[in-house]
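The values are calculated or read from the model by the stated rules, or taken from the named source; none is laboratory data. All of these numbers come straight from a predicted model, not from anything done at the bench. Glycine also receives a Cβ, built like all others from the backbone with ideal geometry; neighbour counts cover every protein chain displayed. Areas reflect the complete protein model, heavy atoms only, side chains present, ligands, DNA and RNA absent. Shrake-Rupley method; radii C 1.70, N 1.55, O 1.52, S 1.80 Å.
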Amino acid sequence: MPAHPRPLTASRLPRRAALAVPPALLALSACGPNRSGGGDGEGGDGSLRFAWWGNEKRDALTNQALELYLEQHDGVSVSAEPTDWGGYWDRLATQIAGGDIPDIIQMDEGYLAEYASRDVLLDLSRTDLETSAFDPAALDAGTVDGGLFAINAGINTPVLLANPAVFEVAGVEMPDDSTWTWDDLVDLASRITEGTEDGTYGVQQIGIQGDPPLSVYLRQLGAERFSDEGIGFTAEHLQQWMELALRLQDTGAAPPADVAVEESGQTVDQSLFAVGRCALQSQWSNQIVTLDGPLDGTVVPLRMPSMTGSAADAQLWYKASMYFSVSASSSNQDAAVALVDWLVNSPDAGRILLAERGVPANLDVREAIAGELGASDAKAADFIAAIAEELGDPPHITPPGGSAVGDAVQRAMEDVVFGRADPATASAAAVAEAEAALG
């Protein structure tokens, strides 16, 4: 029998979350009567397992929200299963293979179509989940082939975050993000590197990072990561992206290849940007909340550069920062849907979770919490509102197997920055590999 988490007490939690979990969150025993996951979706006793990835702040806020839910709903218990991004998907794949799936799954756009197509996720459109107060575009973001397999937990958008302290040390002024171009970024970032001590850089190596800057750049070229037929870009498009990454490296605007690759494996709060050694970092806007912590609330969100010098051509979009899904095989589907419904529709939950997972997609909740947002959350919400009239069309959802495309591009980009291949050769190889992966 697959092992379940031991009872959720502070002494048995991962160290970073031990102080965040209230005693009211009762876990399920390993093989006892409260076991959840699997089953036929009928019956059940109100015992739920909830898996999410995150960080110390998200863990604390989520557990606080769950404590309130348990106070308001008798007969329900929840086993919290938080982990970090790096281990989350491997663990979930193992759980799915073993028929040991959590009832509630925090879901990402990159995996949504794949898991929906494999009948892992419940079609929420066939449940009592309330969606009338949702921004229609935010609701559509969770649909696959007409079914609603995930509900938007928050909205975010691509953003370039700035650390004003590094700009000040370098004697470089902050850019006008409504008019700057990629050329401006290279110039500005190289001047920051020159004006600061060794080991401090103007911008992270966005070529190694991949998304979101890759998608932004492709969209400005009139391409996309994915299309109805498969990948939505050519080798020529990708070659231009690789050439930009080389410019960042060769001018010193970004770290050298070995530093950049090492950083790509760091958690967000241990990145060069978070420790004050990089002036600019590409992120999703909800990470403003995370990065404002180590940088004493000084993070400034900026629009991504454009090719024309017009913010209207930046081709940003609103993305579901993450979703909540329910296991199609849960033996407690009604209880799981009820909890998800509360998380996304209740102002009580919204006042606790605020914008850490992104700005609420439920418009009523967004309005209810507007006056209660802290400074970091307000930055994210204000940025989301500021770009509303500049957005491009939403991109195609990542198809099943789409993660292989990112892997192919990543490997090819590393070959380029380490000098093992030129951009033309590497981009052609990456596109061929990506097309083969998608069939």
- Counted residues in segment 120-129 being in contact (Cβ under 8 Å) with a residue 24 or more places away in the chain and either surrounded by fewer than 23 Cβ atoms within 10 Å (Cβ to Cβ) or part of a helix (DSSP H, G or I) (or both) come to 6
- Message: Please verify whether residue 398 is of a type in the set (Ser, Thr, Tyr), at pLDDT 95 or above and either assigned to a helix (DSSP H, G or I) or open to solvent by less than 20 Å² (accessible area, probe 1.4 Å) (or both), treating the condition exactly as stated.
- Response: no
- Does at least one position in segment 92-99 carry a residue that is open to solvent by less than 30 Å² (accessible area, probe 1.4 Å) and more than 25 Å from the chain's Cα centre (by Cα)? no
- segment 72-104, residues that are within 16 Å of residue 335 (Cβ to Cβ) and part of a helix (DSSP H, G or I): 72
- Item | Cβ-Cβ under 6 Å pairs, at least 6 apart or on other chains, segment 82-107 side more than 12 Å from residue 54 (Cα to Cα), far side surrounded by fewer than 18 Cβ atoms within 10 Å (Cβ to Cβ) | 98/2; 99/38; 100/2
- Query: touching a strand residue (DSSP E or B) at 6+ places or on another chain (Cβ under 9 Å), under 21 Å from residue 341 (Cβ atoms) and outside any strand (DSSP E or B), is that true of residue 132?
  - Reply: no
- For residue 290, are the conditions met, namely being out of contact with any strand residue (DSSP E or B) (no Cβ under 8 Å at 6 or more places or on another chain), open to solvent by 10 Å² or more (accessible area, probe 1.4 Å), closer than 22 Å to residue 319 by Cα and not small (Gly, Ala, Ser)? yes
- Message: Can you say whether residue 260 is of a type outside the set (S, T, N, Q) and either more than 30 Å from residue 48 (Cα to Cα) or in a loop (DSSP other than H, G, I, E, B) (or both), as far as the supplied structure shows?
- Response: yes
- Positions within segment 51-66 being within 12 Å of residue 88 (Cα to Cα) and either out of contact with any Ser or Thr (no Cβ under 8 Å at 6 or more places or on another chain) or open to solvent by less than 10 Å² (accessible area, probe 1.4 Å) (or both), in sequence order: 51, 52
- Say we look at segment 130-142 and pick out the residues that are of a type in the set (Gly, Ala, Ser) and in contact (Cβ under 8 Å) with a residue 40 or more places away in the chain; which of these is farthest from residue 155 (Cα to Cα)? 133
- Task: Kindly list the number of the only condition in (1) open to solvent by less than 10 Å² (accessible area, probe 1.4 Å); (2) more than 24 Å from residue 162 (Cα to Cα) that fails for residue 304.
- Result: (2)
- Tell me, yes or no, whether segment 212-229 has at least one residue that is in a helix (DSSP H, G or I), more than 29 Å from residue 436 (Cβ to Cβ), in contact with a strand residue (DSSP E or B) (Cβ under 6 Å, 6 or more places away or on another chain) and open to solvent by less than 50 Å² (accessible area, probe 1.4 Å). no
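Here is a yes/no grid of residues against (1) among the aromatic types (Phe, Trp, Tyr); (2) closer than 30 Å to residue 77 by Cβ; (3) touching an Asp or Glu at 6+ places or on another chain (Cβ under 9 Å):
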residue: 265; (1), (2), (3): no, no, no
residue: 288; (1), (2), (3): no, no, yes
residue: 297; (1), (2), (3): no, no, no
residue: 303; (1), (2), (3): no, no, yes
residue: 314; (1), (2), (3): no, no, yes
residue: 343; (1), (2), (3): no, yes, no
